[in-house]
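Only the coordinates and a few stated rules stand behind these numbers; no lab work does. Fair warning: this is a prediction, and the values are worked out from it, not measured in the lab. Every residue, glycine as well, gets a Cβ built from its backbone with ideal geometry; the counts of neighbours run over all protein chains shown.
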Amino acid sequence: MKKHIAVDLGASNGRVIVGDLKDFEVVHRFVTHNDQVLGEFYWNLLGLFSEIKVGLKKAFAQYGSQIGSIGIDTWGVDFVLTDERGSLVSMCYHYRDNRTDGLVEEVSNRLGGKMEVFEKTGIAFQPFNTLYQMAAMKRDRPGTLSAARHYLSVPDLLAYWLTGVMKNERSHASTTQLYDPKAKSWAWSLIAGMGFEKELFGEIVDSGTPLGPLTASVAHEVGAPQSVVVIASAAHDTASAVAAVPVARDEVPLYISSGTWSLLGVELAQPIINRLALESGFTNEIAASGNIRFLKNIMGMWIQQECVRYWESQGDAISWKELDRETLASASYLGYVDPADQRFLKPNSYDNLMVDRIRLWCEEHGQTPPASKGEYMVAIYRGLAKAYALSIGQLQAITGKEFTSLYIIGGGCKNEILDQWTATETGLTVYAGPVEATALGNILVQMYATGEISSLQEGRDLLRREQKVKVFHP
C-alpha cells in the first residue's frame, strides 16, 4: 500500500504528514504566518509555500517512491486573484481582517435580503465569507479586481503552484457564499448581482480529483519521482476532518470538528434551506462525499489560544498540564461566556485583549469575572459546552433526528476537560478522536482517488479499527 502526503494548514500552524490510515508521521511542522501591514491583516502565502516544499523534500528524502500522492487542505473562505498568466494581483487577506465589518447587511440588502441569499447558497452569514471579502475589494480596490482573471482559494492556489493546473475544489468553493448547493455550481445570479466578472470563477472539481504531476522544477527541488500525483483532496479542512469521523455504516454522525473553530453538525444527503436553519445559524457546505455538511460555526479554542498568547507575551510560562490542573481546581466558578458573541472573533491588540473581553462579558451579564487563569478556562470551556448543547437542540429540531452520541475530532478533542463537560452538558456519550482527523481525512480521500479503498466508508471503517478513540459518558 502506498503512502500519501497530507499538507494540512490550520489557522495557527501547518504540517506535512506522510502515511496511511493506520500509521503516519509529521515530517515537518511550521507556523502559518500572518502579518498586519498598515492596519490590514494578510497571510504570508509565499512563506507557506516555501515551508510546504521543505516538508515535501523531507518526505521524499525519507520515503521516496513509497509516496503515491499529495493533497492539500486549509481553512475556508480565503482566496487570491490572479491575472491571465496566473500571477497574483494582490496579497491574500486574512479572514479576521476588519475590512468586511458591516458588509453582511449592506450586501444582503443589495441582493434582495438575507433569505434570498440563503435560498441560493445555504450558507450562514459570517462577516469573513468570501462574498463580503470580494465586496470589500470591489469597494476599496476596484483596480485590483478589474485586473483579475482567476479566483483561487488558498488550497487551489497552492495546488496550482505545485502543478501548474488551475481548478476550484468543491468543498472549499462551498464555503464562499458564492456557491449554489442545489445546482452544484457557482451561484451565478449572486455573482451577477454583485457585479463580479463571471470569468473569474473557474471549473469546480470534486474532492478526490487528480490534478496532475508536480511541475518539473518543483519535482526536482523536492526530490519527487515522476509518478507522484497531486490530488484535489477535500480542500476545506473541515471537509477533510468530517471524512475521518469514524462512524459505522448507516450511522448519521453528529460531530464537532474541534480546533480554532468548533464545527458542529451532521452529514446529510440534501441541503436544508429554510428560515429555521437560517435563524439558527446553520450552514450547508459540501462534504468529501459530495453530500452536505449541515453545521454551525462556533468560536472554538481560539478564545483560549488568544488568552494563552497574551499570558505568554507577559512572560508567563504556560504549562498545559498545570493549566488543566488549575481549571479543575476552579470548577466551582460559575461564570461562562457565549462564544457566539462577535467580540471574541478578533485577535488580541494592545488596546483590546481577549482576557478583557471575557471579563467585560461576564460583568455585562451579571457574573463574577474570572480572577485566575483557571477561572478564565472554566468560563471558556463551560461556555463552549453550553453552546454545543444549545446547537444540538436546534439541530434536532431542524432535522427531526435524535442523537445519542457525539464524535469530537481534531486537535481540540485532546482537551479531556471539555470532552467531559460536553458529555455532561449535552447528555450524550462523547467519542473523542482521532486527533489528526483532518490529515487522516485528507489521506482517506487520496486513497479513494487512487483506488486503494473502494469507498469513503471503507476508509472510516479502517479508522474505527486503527485509530485511538476515548469515550466520555454524561
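Structure notes:
- Only Lys, Arg, Asp and Glu carry charge here, each on its Cβ (+1 for the first two, -1 for the last two); on that basis region 3-236 has a dipole of about 200 debye about its Cα centre.
- Partner lysines whose Cα lies under 24 Å from the Cα of Lys184, excluding those fewer than 8 positions away in the same chain, are identified as Lys114, Lys120, Lys167, Lys198, Lys296.
- Along region 70-82 the Karplus relation, 6.51 cos²θ - 1.76 cosθ + 1.60 evaluated at θ = phi - 60°, assigns HN-Hα couplings of 9, x, 10, 10, 9, 4, x, 6, 7, 7, 10, 10, 10 Hz to successive residues, with x for each Gly and Pro.
- Model label points for Asn98 and Ser50, set 7 angstrom from Cα along the Cα-to-Cβ axis, are 3.0 nm apart.
- Under 24 Å from Lys57, Cα to Cα: lysines that are on another chain or at least 8 residues apart: Lys2, Lys3, Lys22
- Three-way shape label, region 290-381, alpha-carbon gyration tensor, a/c 1.5: rounded
- Put in order of Cβ neighbour count within 10 Å, fewest first, the listed residues His94, His33, His4 become His33, His94, His4.
- Over region 247-433, relative contact order from alpha-carbon pairs under 8 Å, at least 6 apart, %: 24
- Gyration tensor verdict on region 134-182 (Cα atoms; rounded if a/c is under 1.5, prolate if a/b is larger than b/c, oblate otherwise): oblate
- Helix runs (DSSP H) in the chain reaching 27 Å along axis by Cα, Kyte-Doolittle at least -0.5: 373-399
- Mean Cα-pair separation over length for the chain, i.e. relative contact order, pairs under 8 Å, 6 or more apart, %: 16
- The chain: C-alpha gyration tensor shape, a/c 1.5 cut-off, then a/b vs b/c: rounded
- With a Förster radius of 22 Å applied to the C-beta separation of Glu322 and Ala371, the computed FRET efficiency comes to 0.80.
- Helix-only mean residue ellipticity at 222 nm for the chain, each DSSP H run of n ≥ 4 adding -39500 (n - 2.57), per residue, nearest 500: -11500 deg cm²/dmol
- Between Met115 and Asp250, the FRET efficiency estimated from the beta carbon spacing at R0 = 22 angstrom works out to 0.05.
- Bins of 5 Å, starting at 0 and running to the largest distance - Cα pair percent for region 3-236: 1, 7, 14, 18, 19, 15, 11, 7, 5, 2, 0, 0
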